[in-house]
Amino acid sequence: MSATMQQDFGDEPIERRETDNYRSEYVKSFVDKWDDLIDWDSRARSEGDFFIQVLKDRGARRVLDVAAGTGFHSVQLIEAGFDVVSADGSPEMLAKAFENARRRGHIMRTTQADWRWLNRDIYGRYDAVVCLGNSFTHLFNENDRRKALAEFYSALNHDGVLILDQRNYDAILDHGYSSSHTYYYCGDNVSVAPEHVDEGLARFEYRFPDKSTYHLNMFPLRKAYVRRLMREVGFQKIETYGDFKETYREHEPDFFIHVADKH
Ligand code: SAM
């Protein structure tokens, strides 16, 4: 496992627009700080039981968390009684997730898997796939997005559900950035703001109390575009919530949550 401490975006950071970036963006020192950024307790309060209810309404039992990160949702779902497998393409993230779960008394089942080749590394079918925390934004070209969605689709049972969320990039692209900071990045004293935004890149800066800064280069997914891709891959019914609510004005939510049913 590599334990790189520094991010390296090279001389032209805004030209780094590749799907494989995520592997070098989540360096160990950033991963170690991630939980300050998301603050598990505040995040649990702000999300409530939204995901648990969506899963229970569908009678889901087996859940694959494909973007486990440091394990927040996997742990919530394990504690709610679901049978969870936690995958991520980053070994640093998975190690942190395993440790976070262990500290809470759980043995997390982890698999390192890149979404584009997910079914090579996971076994069996799931009632639900969750891809949360604005993770899908890491894919920089349409072919990778289609491939990943097709892999999620095929990891699901015939009546399975995909829950995938994203930042409200339409609002950022069309109206500029503002954030209530309430839902995902709940940590105090951590500032999150875009440094550069165009139709092909949203580069965000994360500034921590110890003055360290990190960046993520992400693709600004438009909501209608993601819904179209999901439909084209075969999902039959897609509901999109805004900050966990069914009704909202398009530019208001910070995040959208797509709930896509396979049948
Ligand atoms: N879900 C977690 C949360 O909400 O805190 C983590 C979110 S983090 C923004 C995105 C995660 O997606 C990272 O852990 C990263 O390693 C993972 N990821 C990004 N691209 C990936 C890919 N192509 N395959 C697998 N994992 C990927």
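The values are calculated or read from the model by the stated rules, or taken from the named source; none is laboratory data. Everything numeric in this text was worked out from a predicted model, so none of it was measured. Neighbour counts are summed over all protein chains in view; Cβ atoms, including those assigned to glycine, are modelled from backbone coordinates with ideal geometry. Just the protein is used for accessible areas: all its heavy atoms, side chains included, with ligands, DNA and RNA removed. Shrake-Rupley method; radii C 1.70, N 1.55, O 1.52, S 1.80 Å.
Here the mean projected area of the convex hull built on the C-alpha positions of the chain is 13.0 nm². Computed on the Cα atoms alone, the convex hull of the stretch 157-263 gives a volume of 118 cubic angstrom per residue.
Between the amide H of Asp39 and those of Cys186, Gly187, distances stay under 5 Å, these residues lying 5 or more places away or on another chain, with hydrogens modeled in the peptide plane.
Taking the charge dipole of the chain about its Cα centre, with +1 at Lys and Arg Cβ atoms and -1 at Asp and Glu Cβ atoms, the residue from Ala128, Gln166, Tyr248 reaching farthest to the positive side is Ala128. Here the chain carries DSSP beta bridges of which approximately 65% are antiparallel, counting only pairs with both residues inside.
Length available on full extension from Asn141 to Ala80: 0.36 nm per residue minus the Cα-Cα distance, which gives 18.4 nm. P(r) for the stretch 104-205, from all Cα pairs and a bin width of 10 Å, is 12, 36, 31, 20, 1 %, short bins first. Only Cα pairs under 8 Å and 6+ residues apart enter the sum, and on that basis the relative contact order of the stretch 1-108 stands at 25 percent. Phi-derived couplings, Karplus 6.51 cos²θ - 1.76 cosθ + 1.60 at θ = phi - 60°, listed residue by residue for the stretch 245-258: 10, 6, 10, 6, 7, 3, 8, 7, x, 7, 9, 10, 10, 8 Hz, with x used for Gly and Pro. Hydrodynamic radius of the stretch 49-146 by the Kirkwood approach over all distinct alpha-carbon pairs: 13.7 Å. Remark: the stretch 199-216, residue by residue, has Karplus-estimated 3J(HN,Hα) of 5, x, 7, 10, 9, 9, 10, 10, 10, 9, x, 7, 6, 6, 10, 9, 10, 10 Hz, where x stands for each Gly or Pro and the curve is 6.51 cos²θ - 1.76 cosθ + 1.60 at θ = phi - 60°. If R0 is taken as 25 Å, the Cβ-Cβ distance between Glu250 and Glu195 corresponds to a FRET efficiency of 0.55.
Annotation: amide H-H contacts under 5 Å for Phe255 (H modelled 1.01 Å from N, sequence separation of 5 or more, or interchain): Asn168, Asp243.
In terms of the mean number of neighbouring beta-carbon atoms within 10 Å, the peptides 65-77, 125-137, 219-231 order highest first as 65-77, 125-137, 219-231. Dividing the mean sequence gap of close Cα pairs (under 8 Å, 6+ apart) by how many residues the chain holds gives a relative contact order of 19 percent. Computed 3J(HN,Hα) for the stretch 63-74, one whole-Hz value per residue from the Karplus formula 6.51 cos²θ - 1.76 cosθ + 1.60 where θ = phi - 60°, is 10, 10, 8, 8, 10, 4, x, 8, x, 3, 6, 4, glycine and proline marked x.
Calculated accessible area for the stretch 199-257 comes out at 47 Å² per residue, all protein chains present (probe 1.4 Å; ligands, DNA, RNA ignored).
Taking every protein chain into account, the accessible area of the stretch 127-183 amounts to 32 square angstrom per residue (probe 1.4 Å). Quick check: at a probe of 1.4 Å, how many percent of the accessible area of the chain sits on carbon and sulfur atoms? Taking all protein chains in place, the chain shows 45 percent carbon and sulfur surface. Candidates Ala87, Trp115, Gly105 compared by Cα position along the dipole of the stretch 7-137: farthest toward the positive end lies Gly105, with charges placed on Cβ. Full extension of the chain between Asp20 and Phe50 yields a length gain of 7.7 nm, computed as 0.36 nm times the residue separation minus the alpha carbon distance.
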